[in-house]
């Protein structure tokens, strides 16, 4: 009996690997084509927005959590 995994004609993993490689190259080329005109905006123009977003997120964190460490809840007093 022949070991099918050793037969290269029936090795589907290499076919899948080739398709993934081709897809990866196509994706990389498409992203490069899109990124080239966008690069200026995302690296220069919107730079101030990223700083503002970080500051806003930090302020939201301080308002929401008050910078307090997590404290275990005390059991509620028994009401009779």
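So residue 56 clears everything in (1) modelled with pLDDT of 90 or more; (2) loosely packed, with under 10 Cβ neighbours inside 10 Å except one condition, right? Which one?
So the condition that residue 56 fails would be (2).
For the range 39-51, state whether one or more residues are surrounded by 10 or more Cβ atoms within 10 Å (Cβ to Cβ) and modelled with pLDDT under 60.
no
The values are calculated or read from the model by the stated rules, or taken from the named source; none is laboratory data. What you are looking at is a predicted structure, and each value in this text was computed from that prediction instead of being measured. Neighbour counts run over all protein chains shown; Cβ positions are idealised from the backbone, glycine included.
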